[in-house]
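Reading through the structure tokens given below for one structure.
Just so it is clear, none of the values below were taken in a lab; they were calculated from the coordinates. Fair warning: this is a prediction, and the values are worked out from it, not measured in the lab. Every residue, glycine among them, receives a Cβ derived from its backbone with ideal geometry; neighbour counts consider all protein chains shown.
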Amino acid sequence: MTPQVRANRIGVFLAYEYRRAIARRKVVALVVFTVLLDTVPYYALVTNAPNLIPPQYHPYVWVIGVYAPQSIFLQFIAILVAAGAMSEEYEQGTAELLLSKPVSKAEYFVGKYLGGYSLLLTLILLNSALTILSAYTSFGAQLGLGALPYVLIGECVSSSVFFSVAFMVGELVRRSSLSYIISSAVFFTSEILGVYFGLISSITGNQLYLHLEKVLPTSPVDSLPLQLGVPRLPAGISTLLSIVGPSQSVESSPLASLGLIAAYTFAGILIAYTYFSYMDVSKKVS
């Protein structure tokens with residue numbers, strides 16, 4: 001039997017999840033930290049080390065603030081928002097109350113997922129807006145902004161991987177603290193393995209390790225924004241990107257990145273929804 005899904009019910013839960021997430025102090029702290037991350041470094045750079053970046057790159061310093069958070073900070077935000085989306089409802093005993101309303105499990109699940117994901121996208125857009133403003137006030141007019149929408153698309157799409165993984169873990173373990181730990185462990189393990197596999201492959205020439213590096217979830221996540229944005233920027237922009245991290249993608253093409261991102265994202269959603277559909281909703285998890 002096809003689960004009943006009504007757009008208006010999903011919209012209610014989407015709005016509820018958005019308000020609930022904003023009400024949490026940790027989300028407010030993330031917003032404050034995002035503001036500081038996108039303003040203080042530019043001010044410190046222009047006042048204390050103005051010659052660190054050659055003058056010809058001043059119109060493109062926005063790429064530093066846009067790309068720098070991609071590898072770790074944006075994924076950490078995704079995990080922080082998603083890991084508690086389902087688990088905190090069980091801990092607070094509100095899941096049973098919400099599902100006692102005239103709403104299907106599918107509507108509840110989709111609304112919760114989209115509500116958290118829309119908050120994540122809002123934070124990504126906030127990061128980019130503050131970055132452009134800070135770069136403009138610190139280094140003058142910025143160029144190459146036609147590439148920004150492509151970078152944003154890459155970041156928004158790639159962030160769905162660890163958002164979905166954390167959302168899944170939160171549903172499976174139904175403990176917010178434990179879901180944060182497990183999801184973060186998955187992310188950092190993937191990052192560390194990627195470094196090791198890449199290093200071993202470059203030293204030994206063994207292509208097996210290169211293939212292993214490519215299938216790690218962090219590889220397409222890190223690669224897609226680079227693949228979509230860098231070709232639309234001046235050739236020398238890799239000099240700026242090297243300041244904040246890798247300037248080249250691990251994956252061979254945007255399609256390869258999108259394929260892996262879709263696989264990890266939909267696997268997380270499917271596992272979470274299957275478990276949610278067939279398990280009882282606890283009154284309260286102590």
What do you get for the angle between helix 176-204 and the principal long axis of the chain? Use alpha-carbon atoms, 0 to 90 degrees, nearest ten. 40 degrees
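Taking the Cα centre as origin and putting +1 on Lys and Arg beta-carbons and -1 on Asp and Glu beta-carbons, what dipole magnitude results for the range 1-154, to the nearest 20 debye? Walk me through the numbers on the way to the answer.
Values: 10 positive and 7 negative charges, 65 e Å.
Dipole of the range 1-154, to the nearest 20 debye: 320 debye.
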Taking only the alpha carbons of the chain, what extent do you get along each of the three principal axes, in Å, biggest first? 62, 47, 32
Average Cα contact separation per residue, the range 1-156, under 8 Å, 6 or more apart, as relative contact order %: 47 percent
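Beta carbons within 10 angstrom, averaged per residue: use that to sort the peptides 268-279, 172-183, highest first.
172-183, 268-279
Which value at 222 nm does the chain reach when only helices count, each DSSP H run of 4 or more adding -39,500 (n - 2.57), with the total divided by all residues and rounded to the nearest 500 deg cm²/dmol? Walk me through the intermediate numbers first.
On the way: 13 runs with 215 residues, N = 286.
For the chain, the value works out to -25000 deg cm²/dmol.
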In degrees, nearest ten, helix 148-158 long axis to first principal axis of the chain (Cα): 40 degrees
Could you check which residue among S253, S164, S100 shows the biggest mean-square fluctuation in a GNM of the chain with a 10 Å Cα cutoff? S100
What net charge is computed for the residues neighbouring L224, neighbours being all others with C-beta under 12 Å from the C-beta of L224, Lys and Arg scored +1, Asp and Glu -1? -3
Across the range 159-169, in residue order, what do the Karplus-derived ³J(HN,Hα) couplings come to in whole Hz, using 6.51 cos²θ - 1.76 cosθ + 1.60 with θ = phi - 60° and x for Gly and Pro? 5, 5, 5, 7, 5, 5, 4, 5, 4, 5, 4
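Per 0.36 nm of contour for each residue apart, how much would the distance between I72 and T189 grow if the chain were fully extended, relative to their Cα-Cα spacing? Write out the running numbers ahead of the final one.
On the way: separation 117, 0.36 × 117 = 42.12 nm, distance 1.24 nm.
Extending this stretch completely gives an extra 40.9 nm.
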Taking the Cα centre of the chain as origin, sum charge times position over the Cβ atoms of Lys and Arg (+1) and Asp and Glu (-1), and report the length of that vector in debye to the nearest 20. 700 debye
Taking 0.36 nm per residue of separation between Y196 and V35 and subtracting their Cα-Cα distance, the length gained on full extension comes to 54.7 nm
Return the sequence-ordered ³J(HN,Hα) values of the range 13-30 in whole Hz as given by the Karplus equation 6.51 cos²θ - 1.76 cosθ + 1.60 applied to θ = phi - 60°, using x for Gly and Pro. 6, 4, 5, 4, 5, 4, 5, 5, 5, 5, 5, 6, 4, 5, 5, 4, 4, 5
